[in-house]
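Enquirer: Pasting a structure below so you can have a look.
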There are 2 protein chains.
Amino acid sequence: MLTERQRMILNAIVDDYISSAEPVGSRSISKRGDVGYSPATIRNEMADLEELGYLEQPHTSAGRIPSHKGYRYYVDHLVPWNSAESAEMGTIRAFFAEKLNATEQVIQHAAMILSNMTNYTSILLGPEVFHTSLRHFQLLPLDGNNAVAIIVTSTGQVENRTVQIPPEISLSEMEKVVNLLNSKLVNVPLYKLKSQLYSELGEEMQRHISHYEELMQVLDKALESDHEQRIYLSGATNMLTQPEFKDVDKVKTILDLLEETPTLLKMLAPASGGTGIQVRIGTENKHEAFANCSLITASYSLDGKALGSIGILGPTRMEYARVMGILGIISRDLTAMLAHWYK
Amino acid sequence: MLTERQRMILNAIVDDYISSAEPVGSRSISKRGDVGYSPATIRNEMADLEELGYLEQPHTSAGRIPSHKGYRYYVDHLVPWNSAESAEMGTIRAFFAEKLNATEQVIQHAAMILSNMTNYTSILLGPEVFHTSLRHFQLLPLDGNNAVAIIVTSTGQVENRTVQIPPEISLSEMEKVVNLLNSKLVNVPLYKLKSQLYSELGEEMQRHISHYEELMQVLDKALESDHEQRIYLSGATNMLTQPEFKDVDKVKTILDLLEETPTLLKMLAPASGGTGIQVRIGTENKHEAFANCSLITASYSLDGKALGSIGILGPTRMEYARVMGILGIISRDLTAMLAHWYK
DNA sequence: GTTAGCACTCTGTCGAGATGAGTGCTAACC
DNA sequence: GGTTAGCACTCATCTCGACAGAGTGCTAAC
C-alpha cells in the first residue's frame, strides 16, 4: 500500500519523534541522511501520509507526529527486530544467572529489572496458580477456634488462609479428613479441586464422619480461590519523566488506575491468550485514560501452558523496537527458567 | 513564651494555610472572626512571630506561612484533639466490623482505608514476625532436589521458601529431624530459632544422623530470616493532588523513595520504639527529599509488644488534627483486634 | 520527478505596563 | 499604652503586543 519511500519517511518520522517527543519537520528528516531527498520532496510525501491517516499535525505550521495508525504500521512492518539482542543481553543474562530461591522473588526482581532497563512501567502477572495442581494440603489448628489452611502447589507456591473451626468438629476427625484429601486429591489441578472434593470424597466422608455439613463448609472455605493472581508493578513513577505526562492531573489518573488490581488484570488478561509479543497502541487499550499510552505484552509459560504475562506500559511514543526485543528475551528466559526448575 | 493572643494568631494562620495552601495575610485572619482584632494589630503580632521564628515570608508583601518551628508548636500545643472521634468513627468502625480472614488482609485493607480517608499516602508496616514464635515447621519435598520449607507462627502467619536438598540426605532422615525440631522448638521466638537449633538439637542430631553438616545447612537456610517486614503502601498518588507538589520532578524523587523498601523501613522504624502518636515535620525526617513532608506515625501491638507501625505521609501543610485523630483510633482498634484474635 | 524559493501561519518567548494583595510605618484614637 | 486607620511601597502575577523561528503549501524552475 505504501511506497518504499513513504515507508522510509514514516519510519524516520516515528524514530525521530520517539527520541525527541517534538513534532518532526521535513527539514530534520532530510538532514538525517538516511532518506536522501530534499525537504520539499519529503513535505509532499508527508502531506500524502497525513491524508492516508498515518501522520497528524498538531496545528498548521508544526511538524508531523505519528497517529495511532502510524504507530500501528510502524510496529507491524517497520520495527527493526533483534536490535536488542546484543545490547541488553548482558544485563538480562546476569539477572538470570543470579540464584533466587522463590518463583515470587524472581518475578518481582524481573519487574524491577525491566522497568530499570526500559525506563517505562513494568507490570508482571505472577504465575497463575489456577493451572498448577495440588501438592499437599494441611490444616493446622492455631487455637480452639481457628486453624491455618496451607496449600502447596506443584510449582512450590504456598497459599495460606485462616479458617474458623466449629467447636463440634474434633481434632481427630479433621485429621482423618485431611489425610483422605491428601491421598485422593494430590495432583488435581486447583481449579478442579472443589468439584472433585464433592464427587470423589463426598460419599466416603458422609459415611465415616459425623459433622459432614460443617466440615464441608470449612474445607470449602479453605480451598476457596483467594488464589488471586499477584501483580508486581515497578517503575510506575517513570511515567513522570515522560514529557507528554508533565500534566500532573493526567498522570494522576493513570497512576491511580495502576493501583487498581482488577484494572491491571483486565489489561493483561487477554494478552495471555495470544502468543508472542502483542502491542496495544493508544485507544486500543480499554481505558480512555490510557489513550496516550501503549502497552507491550508477552507471556511466560510452563509445559506449554501460559502461566502469566509481562507488560510494559509507556507513552505511545515508545521505544518499540528496544522494548519488544527486551520483552521477548525476558519472556523466553523466564519460561526456560521455570521449565528447568520444575523439570 | 507566647502570649495567648500570639497563640491564637499562630493557630489561625496554620489552620488557614492548611486548608488554602496560600500565604495568609493579616486581613483574612481578621475577617475569620475568631481573633477579634484589626488587620493592623495582627500585622504587628505577625511581625513578632516571624522574628521569633514561627512564621516565614516567601517574599516581602506576601502573607505569612508557618515555619517548621511554627508547625512544631502547632502540633505540640495547639492541635485540637479528639476532633476526629465523632466525624470519622463511623467509617472506621464499619471497617473493623468487616470480617477479614487474615492479618495480612486486614493490614492491607487498613492502608487503603487510611489513604482514602485522609487523601494522603499511608504506609503500614506489617506485623513483625520476629517477635512471634514458632507454631509449626515443615519440610515438604517437591522433587528430587528441592523442598518447600514452611514456617507457621503463633499468630497464624505462614512463611515459606524453597530450599535445595543435597541428594545424599534421605527422606526418612529428614523426617526425623523435622519431627525433632517440632517437638523441641515449638513456642520459641523466631529470632532465637537459629541459636536454639544448635544449642538444643546439635548434640542429639550429631549422634543419630549421618549427614549432619549438610542437613544443618539446609535447616539454616530454611530458617533464615527472609522474614523481612512487609510494607503496604497506599495512595502514593495522593501526593500529586497537593499544590506544593505540582512540580513533577520533586514528586518523582519522593515517589521513587517510596518504592524503596529500606527507606520506608528506616523512616518508620524508630517510631515503633516510642509510644503514642509521633509527628516528624519537614527536615526532621531523614531524607532531604522529604523536607516538605510531614510524617505522622503510630504503632499497633500485641501483648504490649509493638508489632508494627502505621504512617501517614503528606505535605508539611497537613491536616494534623484530623490525621492524628484518625491514626489514634486506627492503631487502637488494630491493637484491640489483634488481641481479640489471638487471645 | 525533484527541488529552490517565497509567502503565510502558528507558537513560544520576552518585556512593558497594569493589577492587586499585602506589608511596614506613622499618626491619630480610646 | 494598646489599638486602629491611612498611606506609601514592594513584589508577584496577569495581560497584551511585538517578534523570532520553525514549518508548511504552493508555484515555478530544473
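The values are calculated or read from the model by the stated rules, or taken from the named source; none is laboratory data. Quantities reported herein were computed from a predicted structural model and do not represent experimental measurements. We place every Cβ from the backbone using ideal geometry, glycine too, and count neighbours over all the protein chains shown. What goes into the accessible areas is simple: the full protein's heavy atoms, side chains included, and nothing from ligands, DNA or RNA. Shrake-Rupley method; radii C 1.70, N 1.55, O 1.52, S 1.80 Å.
Enquirer: Give, in nm to one decimal, the length gained when the segment between A:Ser38 and A:Asp220 is fully stretched (0.36 nm per residue of separation minus the Cα-Cα distance). Don't skip to the end; give the middle numbers.
Expert: Details: separation 182, 0.36 × 182 = 65.52 nm, distance 7.31 nm.
Answer, rounded to one decimal: 58.2 nm.
Enquirer: Give me a single rounded figure for B:229-242: the average over its residues of other chain Cβ atoms within 10 Å of their Cβ.
Expert: Working: counts 0, 0, 0, 0, 1, 1, 2, 5, 12, 2, 3, 8, 3, 1.
Per residue, the number of nearby Cβ atoms from other chains is 3 on average.
Enquirer: Taking H placed 1.01 Å from N in the peptide plane, check which residues at least 5 places from B:Ala62 or on another chain put their amide H under 5 Å from its amide H.
Expert: Residues meeting the amide H criterion: none.
Enquirer: Using a Förster distance of 35 angstrom, determine the FRET efficiency expected from the C-beta separation of B:Glu56 and B:Thr91, and round it to 0.05. Could the numbers behind the result be given before it?
Expert: On the way: r = 35 Å, r/R0 = 1.01.
With a Förster radius of 35 Å, E is 0.50.
Enquirer: Tell me, what HN-Hα J-couplings in whole Hz come from the Karplus equation 6.51 cos²θ - 1.76 cosθ + 1.60 at θ = phi - 60° for each residue of region A:232-240, using x for Gly and Pro?
Expert: 10, 10, 9, x, 4, 6, 4, 3, 5
Enquirer: Here's something else I'd like to know. Check A:Thr132: other-chain or 5+ apart residues with amide H under 5 Å from its amide H, H built from backbone geometry?
Expert: The list, which skips near neighbours in sequence, is A:Leu190.
Enquirer: A further question on this structure: In terms of modelled amide H atoms, which long-range or inter-chain residues lie less than 5 Å from the amide H of A:Gly308?
Expert: A:Glu128, A:Tyr300
Enquirer: A further question follows. Could you give log10 I(q)/I(0) at q = 0.08, 0.10, 0.11 Å⁻¹ for chain A, computed by the Debye formula over C-alpha point scatterers of equal weight, without solvent?
Expert: Evaluating at q = 0.08, 0.10, 0.11 Å⁻¹ gives log10 I(q)/I(0) of -0.52, -0.71, -0.81.
Enquirer: Sticking with this one: Compute, for B:Asp247, the solvent-accessible surface of its heavy atoms (probe 1.4 Å) with the complete set of protein chains present, and express it in square angstrom to the nearest 10.
Expert: 70 Å²
Enquirer: Using mean Cβ contacts within 10 Å as the protection proxy, how do B:1-14, B:192-205 order, highest first? Working shown, then result.
Expert: Details: B:1-14: 17.7, B:192-205: 14.4.
Going from most to least packed, we get B:1-14, B:192-205.
Enquirer: Need one number: convex hull volume per residue for region A:4-78, Cα atoms only, in Å³.
Expert: Numbers: hull volume 6.1 nm³, N = 75.
Each residue corresponds to 82 Å³ of Cα convex hull volume.
Enquirer: Just want to confirm a number: the relative contact order over region A:4-78, from Cα pairs under 8 angstrom separated by 6+ residues, in percent.
Expert: Working: 90 pairs, mean separation 26.0, N = 75.
In percent, rounded to a whole number, it is 35.
Enquirer: Before I look further, what does region B:132-223 give for accessible area per residue, probe 1.4 Å, in whole square angstrom?
Expert: 45 Å²
Enquirer: Distance from the Cα centre of region A:202-269 to that of region A:316-343, in angstrom?
Expert: Comparing the Cα centres of region A:202-269 and region A:316-343, I get a distance of 23 Å.
Enquirer: From the backbone phi of region B:29-35, what are the Karplus-calculated ³J(HN,Hα) couplings (6.51 cos²θ - 1.76 cosθ + 1.60, θ = phi - 60°) in whole Hz, Gly and Pro given as x?
Expert: Per residue, the Karplus-derived 3J(HN,Hα) values read 5, 4, 6, 4, x, 6, 10 Hz.
Enquirer: Moving on. Residues of A:149-157, mean number of Cβ from any other protein chain within 10 Å of their own Cβ, rounded to a whole number? If you can, show how the numbers build up before the last one.
Expert: Values: counts 1, 8, 0, 6, 2, 2, 3, 9, 3.
Neighbouring Cβ atoms belonging to other protein chains average 4 per residue here.
Enquirer: If each label sits 7 angstrom from Cα along the C-beta direction, how far apart, in nm, is B:Arg27 from its counterparts in the other copies?
Expert: Distances between equivalent label points, in nm: 5.0.
Enquirer: Across the residues of A:161-169, average count of Cβ atoms on other protein chains within 10 Å? Walk me through the numbers on the way to the answer.
Expert: Values: counts 6, 11, 1, 2, 0, 0, 0, 0, 0.
Partner-chain Cβ atoms within 10 Å, mean over residues of A:161-169: 2.
Enquirer: With every protein chain present, what accessible area does B:Ser172 have (1.4 Å probe, heavy atoms only), rounded to the nearest 10 Å²?
Expert: Estimated to the nearest 10 Å², B:Ser172 gives 80 Å².
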